[in-house]
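As structure tokens, the structure follows; a few thoughts come after it.
The values are calculated or read from the model by the stated rules, or taken from the named source; none is laboratory data. None of these values were measured; they are calculated from a predicted model. Here the Cβ positions follow ideal geometry from the backbone for every residue, glycine too, while neighbour counts run over all protein chains shown. Ligands, DNA and RNA are excluded from the accessible area calculation, which covers all protein heavy atoms including side chains. Shrake-Rupley method; radii C 1.70, N 1.55, O 1.52, S 1.80 Å.
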Amino acid sequence: MPLSLQSKLLRVLQDFSIRRVGGEVEIDVDVRVIAASNRDLEAESKENLFRRDLFYRLSVVTLTVPPLRERRDDIPVLIEKIMERLAPKIGIDIHDISDEALEKLCRYDWPGNVRELSNVIERALLLCEGDILTAADLPVGIAEIDSRPGSLDVSLCEIPDAWIDKTLPEVTRLAIDNIERAYLEMVLTETRGGLLRRPACFSGTQRAGIHQRGLYNKMKRLNLSKRDFR
């Protein structure tokens, strides 16, 4: 949304009135606004790319939906619901998926998130010749993913005390957080805290290979500040 339109929206949210194009009369409105963005608007407002006053006006209640690669436990449930929705629409009776295919889908990073997942399942349903989705029905880039569990050379004596009395999802999240923190500290040190710096080779987002919103969210979750690396 361009800045000129942002100011008009802000006026509507403040005054609860609009004026039609070419009109002369203010019309009162009583609406509830739900706004969505694939960008980190708080970060954008600090970079003067989004009006800060409009951000505060919109962010009365905020919901952050993590990318699908950060909530892989949701993928099997989403696949089940997508198949339930698409199978009758396509006109086929397929409601099951093989363990191998499911494992490959769970290991894929899904840059297109749920929309991409839905497209992949729809394609698989159209190509499936049996009564169950298999890895052969998946796109090549996903079908070639190694679905075998990786092995870690960790003996019992090397298990950290922090893992004791924790569930597997909790341990997994802890391990990922430690890896991401170490990596982002390296990137921020190399770029001296420059997340959007030009040229791009000095940009933290370019170096990390993720969108700036994702980078800001990770830094916030891991309690990292770019000011500490300048």
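Could you list all residues from the stretch 27-47 that are outside any helix (DSSP H, G or I) and either open to solvent by less than 80 Å² (accessible area, probe 1.4 Å) or closer than 15 Å to residue 60 by Cα (or both)?
Filtering the stretch 27-47 for residues outside any helix (DSSP H, G or I) gives 27-40, 47.
Those that are outside any helix (DSSP H, G or I) and either open to solvent by less than 80 Å² (accessible area, probe 1.4 Å) or closer than 15 Å to residue 60 by Cα (or both): 27, 29, 31, 32, 33, 34, 35, 36, 37, 40, 47.
Results for (1) under 28 Å from residue 180 (Cβ atoms); (2) open to solvent by less than 80 Å² (accessible area, probe 1.4 Å), shown as yes or no for each residue.
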position: 20; (1), (2): no, no
position: 55; (1), (2): yes, yes
position: 70; (1), (2): yes, yes
position: 82; (1), (2): no, yes
position: 94; (1), (2): no, yes
Does residue 13 satisfy the condition of being farther than 30 Å from residue 127 by Cβ and open to solvent by 80 Å² or more (accessible area, probe 1.4 Å)? no
So which residues in the stretch 80-102 are part of a helix (DSSP H, G or I) and more than 26 Å from the chain's Cα centre (by Cα)? 87, 88, 89, 90
How many of the residues making up the stretch 171-194 are more than 20 Å from residue 226 (Cβ to Cβ) and among the β-branched types (Val, Ile, Thr)? 3
Tell me, yes or no, whether the stretch 6-18 has at least one residue that is more than 23 Å from residue 216 (Cα to Cα) and among the basic types (Lys, Arg). yes
Those residues of the stretch 147-198 that are under 26 Å from the mean Cα position of the chain (by Cα), surrounded by fewer than 12 Cβ atoms within 10 Å (Cβ to Cβ) and at pLDDT below 75 come to a total of 4
Test set (1) more than 19 Å from the chain's Cα centre (by Cα); (2) assigned to a helix (DSSP H, G or I); (3) not hydrophobic (A, V, I, L, M, F, W, C) - residue 73 fails condition number: (1)
Right, residue 123: surrounded by 13 or more Cβ atoms within 10 Å (Cβ to Cβ) and assigned to a helix (DSSP H, G or I) or not? yes
